[in-house]
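Notes follow once the structure below has been shown.
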Amino acid sequence: SKHTYNSIIDMLRGEPGLIIKGTGDDGTMPKMYIRGIGTNSEYTQPLFVVDGLRTENILYLQPEQVHSITVIKDGTSSIYGMEGGNGVIEIKTKAAVEASKNEAKAKKDLRKKNRQERKERKKKKIKD
């Protein structure tokens, strides 16, 4: 089912275990925390990672730009070190997913071209 979201914050509200206080409509990041993580304070922000880059503010993102959201609240957040201690919200954009698909295709095409050239050189050596 396609759901229409008004904002990235609206989109995050659907994530299990994520508690959001505020809307972000005034341009300031609302307070968020991930349920089940023992934090020093009830309002300790998780780490936001957008396309592999750490960021403090995600309000610039539009819901239609988002490919996926992953809320990490278990031990796997430790790959982010101390910063990941309050959990991590990983967001992948459609642009980044598309770019990595294109990069993978370019690498594959290059390998194919190199194989073809090696075959051609072998054939040539045999002829000589």
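The values are calculated or read from the model by the stated rules, or taken from the named source; none is laboratory data. Keep in mind the model is a prediction, meaning the values are calculated, not measured. Positions of Cβ are generated from backbone atoms using ideal geometry, with glycine treated the same way; all protein chains shown enter the neighbour counts. SASA here: full protein model, heavy atoms, side chains in, ligands and nucleic acids out. Shrake-Rupley method; radii C 1.70, N 1.55, O 1.52, S 1.80 Å.
For Thr76 and Lys31, what is the calculated FRET efficiency with R₀ set at 35 Å and r taken between the beta-carbons, to the nearest 0.05?
0.90
Quick one: net charge around Gly36, please, counting Lys, Arg +1 and Asp, Glu -1 for every other residue with C-beta under 11 Å from its C-beta. Present the calculation step by step, with values, prior to reporting the outcome.
Numbers: positive: Arg35, Lys73; negative: Asp74.
Combined, the nearby Lys, Arg, Asp and Glu give +1.
Quick one: with all protein chains in place, what share of the accessible area of the chain is carbon or sulfur, to the nearest percent (1.4 Å probe)?
Values: 4740 of 9250 Å².
That fraction is 51 percent.
How high is the relative contact order of the range 16-120, in percent, counting Cα pairs under 8 Å that sit 6 or more residues apart?
24
Any idea what the dipole of the chain comes to, in debye rounded to 20, about its Cα centre with Lys/Arg Cβ at +1 and Asp/Glu Cβ at -1?
1920
With n ≥ 4 as the cut-off for DSSP H runs, can you work out [θ] at 222 nm for the chain, using -39500 (n - 2.57) per run divided by the number of residues, rounded to the nearest 500?
-10500 deg cm²/dmol
Under a cut-off of 26 Å between alpha-carbon atoms, report the lysines in cross-link reach of Lys101, not counting same-chain residues fewer than 8 places apart.
Lys2, Lys92, Lys112, Lys113
Can you list residues whose amide H is under 5 Å from Val66's amide H, if they're 5+ apart or on another chain and H is modeled 1.01 Å from N?
HN-HN under 5 Å from Val66: Lys94.
Check Lys31: other-chain or 5+ apart residues with amide H under 5 Å from its amide H, H built from backbone geometry?
Lys21
By how many degrees, between 0 and 90 and to the nearest 10, does the Cα long axis of helix 94-127 differ from the longest principal axis of the chain?
10
Over the chain, what portion of Cα pair distances is larger than 24 Å, expressed as a whole percent?
Details: 3579 of 8128 pairs.
Considering the chain, 44 percent of its Cα-Cα pairs are separated by more than 24 Å.
Quick one: which residues, 5+ away or cross-chain, put their amide H under 5 Å from the amide H of Phe48? H built at 1.01 Å from N.
Under 5 Å from the amide H of Phe48 lie the amide H atoms of Thr55, Ile89, each far enough along the sequence or on another chain.
What accessible area per residue, rounded to a whole number of Å², is obtained for the chain using a probe radius of 1.4 Å?
So the chain comes to 72 Å² accessible per residue, rounded to a whole number.
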